[in-house]
Amino acid sequence: MSDTEAGNGRRSSLHGFWSSKLAFILAVTGSAVGLGNIWKFPYIAGENGGGAFVLIYLLCVFGVGLPIMMSETMLGRRGRRNPVASMALLGEEEGGGSWWAVIGLSGVIAGFLILSFYSVIAGWVLAYVVKSISGVFVAADAASVKTLFGSLAGDWRETAIWHTVFMIITVVVVARGVERGLEQAVTLMVPALVAILLILLGFSAATGEFEMGVRFMFEPDWSKVSGATVLAAMGQAFFTLSVGMGCVMAYGAYLPQETSIPATATAVVCADTLVAILSGLVIFPIVFANGIDPMAGPGLIFEALPLSFGNMPGGVFFGTLFFLLVGFAALTSAISLMEPAVAWCVERFGATRARASTVIGVIIWALGFLSVFSFNLLSDFKFLNGTFMDNFDYVTSNIMLPLGGLLITIFCGWVMSENSVTDELNIGQSTLYRSWRFLTRFVAPVAVVLVFLNAVGWLDWLLAGAATA
Ligand code: PHE
């Protein structure tokens, strides 16, 4: 990163700029592509009946997520600070008041909550790297993979150890500020991940119930759609794109002025969607061929994938490489989950990066035990939406991120002056600009509000009221 002055005349209070547009794309892609695509997308799609969920998810990704990613990047670049300070500053500047900093603060909190369970799942991925090398997947069948996963998740000590290992790696990377090297690695990781997924896809097509899998993913059965399904699809769109919590804003703060925001955001969203769809296409044929329950929940990929690796030629090699790559993808997401909080502590309290990330990491690690126990000691302790982990996931994906996104669209679409927006986006009054503006002012905020109302059953009630009035 070079320490040049920001084009908008604002000197960054932070650590300079991405050396290139590519570095930014890589960082945001690294943030977006992660467990959300490979682990969460298939299991949430499975729990929500497939087809219709997937279509609503795609609509949310492109109609809501993409414009918000552009908005978030733009706010970050204009504020040039951590998300809390950027929003306070922009709120003042645009006449909305510094309370807009709540977007940043809620993002910091969401980052803590998400990483606390994310790290537990990422820990399992690391455990599976070792299991794969040791050859336990070889000739696996449906019963053995279930036992294998059950004994890992059911053992809180083993799960806790791997969670700890993953958090230590994350903190070390963030503390030493060596993200740059990792970003470069994304150029290898994402194509390699896509390549292995394609190999697995070939295997699924040859040995799995491929047609059933494809049908399950793309044939919408609208009768299965409820308010909760739509909310889950929208929440997944926010989660997978890392938007609505300041992550992209934090990264946008280091973006050079001349970089095209629409082009970079579109590239990231397409790459992210490709990985998610491929994962689904790999998992479901195997799930159906082996009698695994598509509603198996968080264990879904840990049961389905070893069945492929265990029964294909070169499975030990590909399995090990695959779980390594997924672990790596999780790491580049995890560092982005810490970034808003770390940048905030560094700028606000003058902490060093090392100290800030260590303290934050320890808090998140401790919080993570509630998710570790969600699969064993506390697996029967359910409230609201289920276990602790279920609730952390639900509250962040389905409530905090969409609410953050809603506020971001309101700020960019209604509070910020059009001058500031055009100045920062720098795409003139083009069709592209007008589409973004329309999506940001109307489509995205209205969609989020409708999905919320629908989820609590108020939409039907309001519509019925309107019909009788
Ligand atoms: N997008 C990441 C994934 O799909 C998770 C994430 C969510 C990262 C929110 C940052 C912010 O795995």
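The values are calculated or read from the model by the stated rules, or taken from the named source; none is laboratory data. Only a predicted model underlies this, so the values are computations on that prediction, with no experimental measurement involved. Note that each Cβ is placed from the backbone with ideal geometry, even for glycine, and that neighbours are counted across all protein chains shown.
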Next on the checklist: Going residue by residue through segment 30-43, is there one that turns out to be aliphatic (A, V, I, L, M), within 16 Å of the ligand (Cβ to nearest atom) and at pLDDT below 95?
Outcome noted: no
Item to check | Only listed residue being within 13 Å of the chain's Cα centre (by Cα), part of a loop (DSSP other than H, G, I, E, B) and crowded, with 21+ Cβ neighbours inside 10 Å, chosen from Gly244, Gly235 | outcome: Gly244
Checklist entry - Among the candidates Asp390, Asp380, which residue alone is free of Cβ contacts under 8 Å to residues at least 60 places away in the same chain, within 30 Å of Ile335 (Cα to Cα) and out of contact with any helix residue (DSSP H, G or I) (no Cβ under 8 Å at 6 or more places or on another chain)? => result Asp390
Checklist outcome for this item: Pairing a residue in segment 231-243 that is farther than 17 Å from Gly30 by Cβ with any residue that is within 11 Å of the ligand (Cβ to nearest atom) and not in a helix (DSSP H, G or I), where Cβ atoms lie under 9 Å and the two sit 6 or more apart in sequence or on different chains, gives Ala237/Val243; Phe238/Gly244; Phe238/Met245
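Only one of Glu72, Glu92 is within 12 Å of the ligand (Cβ to nearest atom) and assigned to a helix (DSSP H, G or I); which?
The match here is Glu72.
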Next on the checklist: Condition (residue is closer than 21 Å to Ser226 by Cβ, of a type in the set (A, V, I, L, M) and outside any helix (DSSP H, G or I)) applied to segment 450-469: is it met by at least one residue?
Outcome noted: yes
Item to check | Residue satisfying condition, being more than 16 Å from the ligand (Cβ to nearest atom) and touching a Gly at 6+ places or on another chain (Cβ under 8 Å), within set Ile292, Ile286 | outcome: Ile286
Next on the checklist: When you scan segment 236-247, do you find a residue that is in contact with a helix residue (DSSP H, G or I) (Cβ under 7 Å, 6 or more places away or on another chain), of a type in the set (Val, Ile, Thr) and away from the ligand (no atom under 16 Å from the Cβ), even just one?
Outcome noted: no
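From Ser430, Ser397, grab the single residue that is farther than 24 Å from Arg80 by Cβ and either at pLDDT below 95 or among the aromatic types (Phe, Trp, Tyr) (or both).
The unique qualifying residue is Ser430.
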Checklist outcome for this item: Contact list, first residue from segment 436-453 and buried (at least 16 other Cβ atoms within 10 Å of the Cβ), second anywhere and modelled with pLDDT under 95 and in a helix (DSSP H, G or I), beta-carbon distance below 6 Å, six or more apart or interchain, is Leu453/Leu459
Checklist outcome for this item: Of (1) of a type in the set (D, E, K, R); (2) surrounded by fewer than 20 Cβ atoms within 10 Å (Cβ to Cβ); (3) under 21 Å from the mean Cα position of the chain (by Cα), Glu183 satisfies every one except (2)
Item to check | Residue count for segment 131-161, restricted to those that are assigned to a helix (DSSP H, G or I) and more than 13 Å from Phe302 (Cα to Cα) | outcome: 8
Next on the checklist: Any residue that is among the acidic types (Asp, Glu), within 22 Å of Asn48 (Cα to Cα), in contact with a Lys or Arg (Cβ under 9 Å, 6 or more places away or on another chain) and within 16 Å of the ligand (Cβ to nearest atom) - is there at least one of those in segment 299-314?
Outcome noted: no
Next on the checklist: When the residues of segment 248-264 are narrowed to those that are modelled with pLDDT under 95 and within 15 Å of the ligand (Cβ to nearest atom), which ends up surrounded by the fewest Cβ atoms within 10 Å (Cβ to Cβ)?
Outcome noted: Tyr251
Checklist entry - Just one of the numbered conditions (1) free of Cβ contacts under 8 Å to residues at least 60 places away in the same chain; (2) closer than 19 Å to Glu424 by Cα is not true of Ser98; which one? => result (2)
